[in-house]
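Report on the following structure.
Here, each number is a calculation from the coordinates, and none is a lab measurement. Not measured: the values here are computed from a predicted model. FYI the Cβ positions are ideal-geometry reconstructions off the backbone, even for glycines, and counts take in every protein chain you see.
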Amino acid sequence: EGELQHAECCRDDEADGDDKLAFLCEGEGEIEGDSKADTPDVPPSTDNTPQCLNKALEGLSSRWKNWWIRGILSLTMITGFFLIIYLGPIMLIFVVMSIQIKCFHEIITIGYRVYHSYDLPWFRTLSWYFLICVNYFFYGETVADYFGALVQREEPLQFLVRYHRFISFAVYLAGFCMFVLSLVKKHYRLQFYMFAWTHVTLLIVVTQSHLVIQNLFEGMIWFIVPISIVICNDIMAYIFGFFFGRTPLIKLSPKKTWEGFIGGFFATVVLSFFFAYLLSQYQYFVCPVEYNSETNRFAVECEPSNLFMIQEYTLPAVVQNAKTVNLYPFQIHSIALSTFASLIGPFGGFFASGFKRAFKIKDFADTIPGHGGIMDRFDCQYLMATFVHVYIASFIRGPNPSKVLQQLLVLQPEQQLGIFNTLRNHLRENGMLPPAVEEAQ
């Protein structure tokens, strides 16, 4: 019966003049889709491990060789990460944007390789066009929100900011019209699949990257700690799984074990707690990142908020020896962040594993020896970025005086004067305006 349904499905597709995609004609009884027709035309990953490293490790078994390759490359990437942090916020923004573009390229390339034989018109051109459109929208919003003083000085920027959303919509609409004009008979269904493929990729990659940058502007600690927590959990889970792993965790990732999952959770919570304590002591990490119009540079100087000032907490009555403990409030928040990164964050990796299994590929690319592509390293980071953004908006963020001031500077002079008079009257009514200032007024 399953084979009959399969044949009828394919015949229907032929009658409609649509593409005969194997995954559309799978019988209900096929769970894994192991038939030959279901295997996409994706070339296997190549080993791009440096020759010097291969030669140094040639006497080891494949298991230990992979251990050393992953370890050495992980330490290299971590060192590079801290070097970029040292270079400042602007460099971090460029790095996030570069990673976003590379992740988008890896996912779109999979779609292109799988369906390249259909020779779809404008597929890659439109994919990159939509990437530019979405980035223009998001980065334009960032400029409007955080660079108000710069916008006030530059007249072309004032025009672009004022009509930013209309311009963004018009640019996207042009791409939408190009897509409609590119539709070709017998490829309609496949072209709409690719249109959806591109937009889901934009949703996963570009939107999350924008949230990463939004988190960065709240303070570098909201950028560094979440990313470090995910990296820590990945390393700790791998170590515990490598040495103690016995019980499989999930079928999507056969190498993942319960021992690695649980060990990674406890290690991540403990390490993130102390890492949060370390960073909370420095203004450079805890202050919001703001643009200084006088120096034309990003400034990270402020009076630290209560979140980053030592507080005394009373311990539960069950603790006999110590009744109170001094902590930074951010350390408590770090427990929530590390718990999410350890228990929910890995599902971003499981999602990516399911995606790769669907297309019979091992990695998204072979950019990093022993690790795969950039997307293989950032599959959990994007989920974490969304959580951190929601967490800040729900539990941390209050009114931002700097942002309010920037919005006021964009208003017309008479509007600014009206707000000034309203604020002055309010301060007088509450007895907050000094008498000397009151007399001068």
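Things to note:
- Computed from the C-beta positions of F169 and S305, the FRET efficiency with R₀ = 41 Å rounds to 0.65.
- For the pair I78 and T207, label points projected 7 Å from Cα toward Cβ lie 3.3 nm apart.
- Using the Karplus relation 6.51 cos²θ - 1.76 cosθ + 1.60 with θ = phi - 60°, the per-residue 3J(HN,Hα) values for segment 235-241 come to 5, 5, 5, 5, 5, 5, x Hz, with x marking Gly and Pro.
- Ranked by how many other beta carbons lie within 10 Å on average, peptides 257-263, 340-346 from highest: 340-346, 257-263
- Residues with amide H under 5 Å from that of I250, placed H, sequence gap 5 or more: K256
- The string of couplings for segment 124-137 from the Karplus curve (6.51, -1.76, 1.60, θ = phi - 60°) is 5, 4, 5, 4, 6, 5, 5, 4, 5, 4, 5, 5, 4, 5 Hz, one whole number per residue in order, with x for Gly and Pro.
- Ordering of 265-275, 176-186, 100-110 by packing [mean C-beta count within 10 Å, highest first]: 100-110, 265-275, 176-186
- Under 5 Å, built H, 5+ apart or other chain: amide partners of Q311: L327, Y328
- Two-decimal log10 I(q)/I(0) for segment 204-308, as the Debye equation yields it once each C-alpha is a single scatterer, q = 0.14, 0.24 Å⁻¹: -0.70, -1.16
- 3J(HN,Hα) along segment 371-385: 10, x, x, 4, 5, 5, 8, 10, 5, 7, 5, 5, 5, 5, 4 Hz, from the Karplus curve 6.51 cos²θ - 1.76 cosθ + 1.60 with θ = phi - 60°, whole Hz, x for Gly and Pro.
- N326 versus Y282: modelled label distance in nm, points set 7 Å from Cα along the beta carbon direction: 2.1
- For F298, the residues whose modelled amide H falls within less than 5 Å of its own, excluding neighbours fewer than 5 places apart on the same chain, are N292.
- Of K251/K360; K256/K362; K186/K360; K65/K255, those spanning more than 21 Å from alpha-carbon to alpha-carbon: K186/K360
- Most to least packed among 207-216, 126-135, 307-316 [average Cβ atoms within 10 Å]: 207-216, 126-135, 307-316
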